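Shown next, in structure tokens, is the structure this report addresses.
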């Protein structure tokens, strides 16, 4: 049963998985391209930090797209097929969730491999240490978290997903209008703080995504 | 378990408007049961309730001896379902669909499925999205039958298909029933199609069961009588008069229900003007039944006709 | 031989199928020992309920027209010439009965009917 479900998700998500894996492999390698160590460690850390935003972005988009691709076909058939199979709903949802997590290993491995290669073939100045495994782990946790959150939304009815996205879009729109009107009013700040600052659930996305660090 | 499907006072409401009202279905084990009714009568809703895809508002459902929805997984394991509209994953190929589907059914007959697809002429590498309506029907019936189900639930399986495909699907179903003796619950508004095949008929209209009986009783029990003159006394008619119509020729036509051959003598006693007893085919009987059910003039057999007789 | 199965007739389908086979056996179209299609084949070919096919064969077995051999199928039995003639007479009576009924409905008198019958029969024998 799991294999059957895994296969469908692989078929629906393989293109984006391939792209995410390639991107994951490339980012650490690109981040050390032409890294100039002559200006001291501070400069090295600064230039690596510029790449720091790429990792959480990749984790979030991989999680989002993978969770969407897992449910598109079921949504299209209004879930009649899944509900007519002799398997409990919770079990079906769990199998789909597990299959997605397993597939998420591919971009994670991509990052890890890229990070290992990048640290192996770069001259690391004294005082800095490579954190390939830590970076991959951080990516794994973020991607899994993003996948879980989006999966929870998209496994519901399209209506639920629509409501959640609608609320988010409204918040952003209000903020944009407020800023355009020159107001200092900040609606998104408290929402972001609640979500991304410890003990918010998405704290892992923020902070330092460093391949090399002190 | 003598009934493969049984509902007791099954009631369902969607919003305020639509209602299945105290539906009492009984589908005997081994029957090929034609679930007839015009579009919008509530056939698909009933089927979805039977398979636990919807939750009833009140009433009880038992399918294959198990209560629904509480034990619907056991029911689904023994039930092959072909819904009204294709429900499969359209981005998979025929072969991939088979592999996906069979993972859920330990009773799956792989050799049979492969042979049936070959007989239907379905290439394994075709994407479901690219199949015609008829080819999709073939895939769905193959999947449903390869499960080796005890119960087949077919919701308008041949609606919109050409006669050749329709025949192929019916043939596959009948061969399966010959081999396995499964119960078949088949909904349709295409009455002709079921005429040969079904041995039980249930007629649904506007969310209520108008009639449920063996096909033979259904067909033989509804007759059209052509009379030269109405009988003098009608208050002890042993049958129910569904409709009366005056013809220009002066003859009167009655559509009656609950007819038995021995009632002929009663009619002949009451009136010397009996010209003919005509057989109705299933569709005519079906139409007459619905017409009467809708006009609300259905009476029990044997009840007086005084209000109509002037 | 099954082309004339009529689902609209008030005669049950199984009786119609049995009837066709009885006629075929009486007329010699089906020979003794000849196998009949299996229930599965018959049901699929006529698109009838398999139970209907079973009932037709059971009917014929009771009449002594066919025998069911365990595991082998259904076969035409040796039917005596008398019995076959009786079946043909019964068919003839049925034909005439329906003809007379139809004539009555059309207002054709018995005399006219007989004349038409003689005419047709005469034309046949002269062919």
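Derivation of every value follows stated rules applied to the coordinates shown; laboratory data play no part. Note that the coordinates shown come from a computational prediction; the quantities given were computed from them, not determined experimentally. Counting neighbours? That spans all protein chains shown, and the Cβs are built from the backbone with ideal geometry, glycine included.
Observations
- Remark: mean inter-chain Cβ contacts per residue of C:6-14 equal 6, using a 10 Å Cβ-Cβ cutoff to other protein chain atoms.
- Backbone N atoms of the stretch B:57-74 closer than 20 Å to the 7 Å Cα→Cβ label point of residue A:157 belong to residues B:57-58, B:69.
- Of every Cα-Cα pair in the stretch A:78-204, the percent that sits beyond 20 Å: 66
- Volume per residue that the Cα convex hull of the stretch C:1-52 spans, once the total is divided by residue count, Å³: 78
- Pairwise centroid distance, computed over Cα atoms, of the stretch A:84-124 with the stretch B:150-222, Å: 48
- Value of relative contact order over the stretch A:33-186, rounded to a whole percent, pairs C-alpha under 8 Å and six or more apart: 32
- Normalised contact order of the stretch A:103-214, rounded percent, pairs of Cα under 8 Å and 6 or more residues apart: 34
- With a Förster radius of 60 Å applied to the C-beta separation of residue C:102 and residue A:164, the computed FRET efficiency comes to 0.20.
- The stretch C:26-80 and the stretch B:1-46 have Cα centres separated by 37 Å.
- Spin-label model, residue B:294 to residue C:86: label points 7 Å out along the Cα-to-beta-carbon direction sit 5.3 nm apart.
- Crossing angle, helix C:81-106 versus chain C [Cα axis fit, 0-90 degrees, rounded to tens]: 50
- Between helix A:158-180 and chain A: long-axis angle, C-alpha atoms, 0 to 90°, nearest 10: 40
- For the protein assembly as shown, the gyration tensor built on C-alpha atoms gives a prolate shape. Its axis ratio a/c (a ≥ b ≥ c) is at least 1.5, and a/b is the larger of a/b and b/c.
- For the pair residue B:60 and residue B:275, label points projected 7 Å from Cα toward Cβ lie 5.2 nm apart.
- Residues within the reach of a label modelled at residue A:78 (point 7 angstrom out along Cα to beta-carbon, backbone nitrogen below 16 Å), restricted to the stretch B:34-70, are B:39-56.
- Peptide-level mean, for B:168-181, of C-beta atoms on other protein chains within 10 Å: 4
- Relative to the dominant Cα principal axis of chain B, helix B:133-146 is inclined by about 80°.
- Burial order of peptide ranges C:48-54, B:36-42, C:27-33 (average beta-carbon count within 10 Å, highest first): C:48-54, B:36-42, C:27-33
- For chain C, the pair-distance distribution built from all alpha carbon pairs, in bins 10 Å wide starting at 0, is 11, 35, 29, 17, 6, 0 percent.
- Segments B:141-147, B:262-268 sorted - mean Cβ within 10 Å per residue, highest first: B:141-147, B:262-268
- Estimated D of the stretch B:55-186 in µm² per second, where Rh is the Kirkwood radius over Cα pairs and Stokes-Einstein applies at 4 °C, 1.567 mPa s: 84
- Compactness of the stretch B:1-102 - radius of gyration and Dmax, Cα, Å: 15.0, 43
- Shielding value for A:81-93 is 5, the average number of Cβ atoms from other chains within 10 Å of each residue's Cβ.
- Order of B:252, B:195, A:203 - criterion: other Cβ atoms within 10 Å of each residue's Cβ, fewest first: A:203, B:252, B:195
- Highest to lowest packing among B:77-83, C:15-21, scored as the average C-beta count within 10 Å: B:77-83, C:15-21
- The distance between label points at residue B:253 and residue C:69 comes to 5.3 nm (points 7 Å beyond Cα on the Cα→Cβ vector).
- Relative contact order for chain B, counting Cα pairs under 8 Å that sit 6 or more residues apart, in percent: 19
- Chain A - mean residue ellipticity at 222 nm from DSSP helices (-39,500 (n - 2.57) per run, n ≥ 4, rounded to 500): -25000 deg cm²/dmol
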